[in-house]
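See below for the structure under consideration.
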Amino acid sequence: MTYNHKPQQPLMGAMQLAHAIEEARDILFSAPWLLESANPMQEKAAAERQLKNQLAAALDQGFIVHDPLHPEFRCFDQHSQFGLFNPDNRYHIATISSSGTYVIRGKRGNNAYMEVQVGAGDAGFNENLTSPKTVSQLSSNELIVDDEGYFEITISDTQTGENWLSITNGDLQATSILIRESFMDWESEKSGTWYIERVDTRGEPSPPPNPKLVHEQYKRASDYLLGSTKGWVKFVDGLRTKIKANTLTPPKETKEGLPGQWNSAGYFPIHSDKAVILTIPRSPAKYQSIQIGDLWFNALDYCHRQTSLNMSQATASHDDYAKFVISTRDPGVANWLDPAGASTAFAFVRWQGLPEGYTFSSNPTVELVEFEDLANKLAEEPCISSEQRKAQLAARQRASLTSARGY
C-alpha cells in the first residue's frame, strides 16, 4: 500500500504529532478488511482503539525510551499494547548504544520463562516491522543469581562478570534491550525487578528541555506512530493472503523478533450460529498459551473476559492435547475463548522454553461446527455452569487487578 498524506509545510513539535495521528487514522480506515466489512462502523471502532494503543506506545518511544545515555525501562501494559500484546507477559524495553557499558540489576521473580534480548535495529519505525536482530541473549536457565535471588547483568563489548551480554556481534550494533517475562499462574508467579544504568557516563546530567530536543522527541514519536501503524496493517493484510481462513498454521519458530518462541496462527470470521473448535498439542514447553485478538492485532479485554488461556489455566481432558472453543455464546465448556465483539478472531498459540531439538508430534487442528452441535462434539470435555463461569471470570479479574505485571 502507498500513502501520500504530507503537509504543505514542515510541522514542528506537537503539531507534527497531531498530523501523524490524522495520517495514522487514515491508514487504519483504509485497511482492506475494513473497506470490505459488512459492519464498517464496528471495524472503525476497533481501529480507533488500536490508534490509541499505538499512540501510547509512540509517546513512550519518543519521550521515555529515547535516550541511550540515561536509559530507563518502560513496561508495556494493556494501555500501550501493539502486536497482539500477550496477557501472560511482562515486557520491559530500553534504548542503549553500542558505545556504552550498561548494568542491569534486580531480583529474580518466579516467572515460568524469561528472555533478555540485546537487539540491533529500530523495530517499529518502518512499515516492514523489521524485528530487532539478536546481538546476544540470556534465558531463564542461564541467569545466575545469588542465594537471595539477586543478580547483575553487564552489557558491554568486553566480557565482564557471570551474566554478560555482548553489545556488538559482527556488524550488529546494539540499540535496544527487551526483557520478556512469561507467567503461567497469575495467582502465585511474580515478576522480577529490573533496573538499568549506563555506568560509563555515570554522573552526567540529562540535557535540559530545549526546542531541538523536544522537536526530536516529537519527531521520534511521530515516526514510530506512522511506521508501526503502516506496518501492522501491512502485516495483517499479508497474513490474510498467506493463511486460509479457519485454519491454524503448523508450529514454527518466531526467531529474531522473540527468540526462544514458537507459534501457530490463524483467523476466524465470527458468526453467531457457528463455533470453532481448536485442538492444540500439549508440549514440555515451560510456557504455552493461546490467545485471540481482532484483525487490528488488538489484544481483547483479557482482564474481564476469557480471551486467553495458558496451559495452567486451561482444563485438560487429554494428556496429548487440549481443546478450545471460540464462539459468541458461552458453550458451557471450561476452555471457552470469548471473541468479545470482534468480527474476526485472530488466534495465536505460543510455546516458549521447548527442549532443544524438540519436534511436535502433531499440528494444531480446526473444526468449524454449528453451535447447536457443540454438545455432541465436546461430550468428553469438562462442562462448566453459569455460576462456575462467573467465579472463573471473577478469579481472572482479581488476579489481573493485583498482579505485579502492571494490569
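If you take every residue apart from Ser362 with its C-beta less than 11 Å away from the C-beta of Ser362, what net charge results, scoring Lys and Arg +1 and Asp and Glu -1?
That works out to 0.
Using alpha-carbon pairs under 8 Å, 6+ residues apart, how would you state the relative contact order of segment 244-402 in percent?
The value is 33 percent.
What distance in nm separates the simple spin-label points at Asp146 and Asp200, each placed 7 Å from Cα in the Cβ direction?
Placing both labels 7 Å along Cα→Cβ, they lie 2.7 nm apart.
Could you tell me how many degrees, from 0 to 90 and to the nearest 10, lie between the Cα long axis of helix 40-63 and the main elongation axis, the longest principal axis, of the Cα atoms of the chain?
Helix 40-63 sits at roughly 30 degrees to that axis.
Non-local amide H neighbours of Arg282 (under 5 Å, H modeled in plane, Pro and chain starts lacking H): which ones?
Hits under the 5 Å cutoff: Tyr321, Ala322.
Which of the aspartates and glutamates could a cross-linker span from Lys390 if the Cα-Cα distance has to be under 20 Å and same-chain partners fewer than 8 positions apart are dropped?
Within the straight-line limit of under 20 Å, Lys390 reaches these aspartates and glutamates: Asp185, Glu187, Asp301, Asp330, Asp338, Glu381.
Any chance you could give the angle, 0 to 90 degrees and rounded to 10, that helix 211-242 forms with the longest Cα principal axis of the chain?
Tilt relative to the chain: about 30 degrees.
Over all pairs of distinct alpha carbons, what does the Kirkwood formula give as the hydrodynamic radius of the chain, in Å?
22.6
Given a Förster radius of 30 Å and the C-beta distance between Val214 and Glu48 as r, what FRET efficiency does 1/(1 + (r/R0)^6) yield to the nearest 0.05?
Between Val214 and Glu48 the formula returns 0.65.
Quick one: Trp351, Trp336, fewest Cβ neighbours within 10 Å first, how do they rank?
Trp336, Trp351
What do you get for the angle between helix 386-402 and the principal long axis of the chain? Use alpha-carbon atoms, 0 to 90 degrees, nearest ten.
In the chain, helix 386-402 runs at an angle near 10 degrees to the longest axis.
Report, as a whole number in µm² per second, the diffusion coefficient that Stokes-Einstein gives for segment 64-201 at 25 °C and 0.890 mPa s using the Kirkwood radius over alpha carbon pairs.
Reported coefficient: 159 µm²/s.
Once you order the gyration tensor axes a ≥ b ≥ c over the Cα atoms, which shape class does segment 244-402 get: rounded for a/c under 1.5, otherwise prolate or oblate by comparing a/b with b/c?
rounded
Dipole of the chain, Cα-centred, from +1 at each Lys and Arg C-beta and -1 at each Asp and Glu C-beta, to the nearest 20 debye?
Taking the Cα centre of the chain as origin, the dipole is about 660 debye.
From the cross-link list Lys133/Lys219; Lys244/Lys274; Lys52/Lys323; Lys44/Lys133, which pairs have alpha carbons spaced over 29 Å apart?
In this structure, Lys52/Lys323; Lys44/Lys133 lie more than 29 Å apart at Cα.
Looking at Thr168, Met184, Gly83, which one has the Cα that reaches farthest to the positive end of the dipole of segment 64-201 (charges on Cβ: Lys, Arg +1; Asp, Glu -1)?
Of the candidates, Gly83 comes out farthest on the positive side.
Suppose each label sits 7 Å from its Cα in the direction of the beta carbon; what would the Leu368-Phe29 distance come out to in nanometres?
3.1
If neighbour count is taken as other Cβ atoms inside 10 Å, put Met184, Met15, Met114 in order from fewest to most.
Listing Met184, Met15, Met114 from fewest to most nearby Cβ atoms yields Met15, Met184, Met114.
Taking the Cα centre of each part, how many Å lie between segment 332-392 and segment 215-241?
Segment 332-392 and segment 215-241 have Cα centres spaced 31 Å from each other.
May I ask you to list the aspartates and glutamates whose Cα is less than 13 Å away from that of Lys234, ignoring any residue fewer than eight positions away on the same chain?
Glu127
Here, each number is a calculation from the coordinates, and none is a lab measurement. Everything numeric in this text was worked out from a predicted model, so none of it was measured. Glycine also receives a Cβ, built like all others from the backbone with ideal geometry; neighbour counts cover every protein chain displayed.
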